[in-house]
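Notes follow the structure.
Values in this text are rule-based calculations from the coordinates and carry no lab data. As the structure is a prediction and not an experimental result, all values here were calculated from the model. Virtual Cβ from ideal backbone geometry, glycine too; neighbours counted across all protein chains shown.
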Amino acid sequence: MNAPIRKVRVLIVDDEPLARTRIRKYLEKFPDRYEIREASDGLLALEVLREFKPETLFLDIEMPELTGFDVLRNIPEGERPKIIFQTAYDQFAVRAFEENVCDYLLKPFSDERLKKSLEKAIQDSAGSELKHLEVHLNREKQYLRKLVVNVGTKQKVIQISEVWFFSSEDHVSKVGLENVDYACNQSLTYFEENLDPEVFLRIHRNAIVRLDRVVSYSHGTNTEVTLANGLVLKASREGARSLKQLFRK
């Protein structure tokens, strides 16, 4: 007896229902090959990603609130599937192909073109297309602009411009605004690599601060950094040295 073929988990993300239907109907021709989920916006996509853990992600780029690139930035490290971008805007296609993204579908596309995209996703080594894309994003200094945080069992989008600090305690990362903080799924290392270094500074292995929210810092062996809302955070020796150098400029 032949072992059952394992289905490939596929998530389709697009704010246009017809665009999602177009891809879903093709995949449904192969009910033994694909397990399908859909999301109509970036925030819902991140929820489904967390629960469904797709292996292939069809991702629209131009969506309200969270763009496809925002979604990409908010997928937790180690959980990123193979990405196939689909969009009506060809200006993104050149960039994607140059950076070896798994594939890029320019709407409208044929069944044959869709088939080739799926074949590429299966054949490509996991994560390679995302690594190339992230290198490009960093080179172009497209720093993190929006972040998805956890609010109970739901998620919320916040602007990075609202954030005062990031901290970590017991392996849980927190994003701090002026009067409230939220749990999030990314590590402080991830934030350090994806935040604008002209705006944020890592002052401790457990803390990153927004520089224009720092009102004072203590001198001596145990440096403490005070933010404009009264919050006090500890700084390591290296963090304190970097902070002092910046404030001397």
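Quick one: Cα centre-to-centre distance for the stretch 190-230 and the stretch 42-86, in angstrom? Centre-to-centre distance over Cα atoms comes out at 30 Å.
Between E119 and H219, the simple label model (points 7 Å from Cα in the Cβ direction) yields a spacing of 7.0 nm.
Grab the Cα-Cα distance for E238 and I5, subtract it from 0.36 nm times how many residues apart they are, and report the gain in nm with one decimal. Walk me through the intermediate numbers first.
Values: separation 233, 0.36 × 233 = 83.88 nm, distance 5.34 nm.
Residue separation times 0.36 nm, minus the Cα-Cα distance, leaves 78.5 nm.
Per DSSP helix of 4 or more residues, -39500 (n - 2.57); summed, then divided by the residues of the chain. What does that give at 222 nm, rounded to the nearest 500? List each step's numbers first, then the result.
Numbers: 8 runs with 81 residues, N = 249.
Result for the chain, helices only: -9500 deg cm²/dmol.
Estimated from the Cβ-Cβ distance and a Förster radius of 22 angstrom, the FRET efficiency linking V199 and R248 is about 0.75.
In this simple spin-label model, placing a label point 7 Å from the Cα along the Cα-to-Cβ direction at both Q91 and F109 gives a separation of 2.1 nm. The mean sequence separation of alpha-carbon pairs under 8 Å and at least six residues apart, normalised by the residue count of the chain, gives a relative contact order of 11 percent. For the set K25/K116; K146/K244; K82/K146; K29/K53; K7/K115, the pairs lying more than 20 angstrom apart at their alpha carbons are K146/K244; K82/K146; K29/K53.
When the Cα gyration tensor is reduced to axis lengths a ≥ b ≥ c, the ratio a/c is 1.5 or higher for the chain, and with a/b above b/c it is classed as prolate.
Tell me, what is the FRET efficiency for T226 and R50 to the nearest 0.05, using R0 = 41 angstrom and their Cβ-Cβ distance as r? Write down the numbers at each step before the final one.
Details: r = 36 Å, r/R0 = 0.87.
According to the calculation, E is roughly 0.70.
Counting every other Cβ atom within 10 Å of each residue's Cβ, I61, I203 order from fewest to most as I61, I203. Relative to the 2.2 N^0.38 Å rule of thumb, the stretch 1-65 has a C-alpha radius of gyration ratio of 1.19. Taking every DSSP beta bridge that has both ends in the chain, the antiparallel portion is near 60%.
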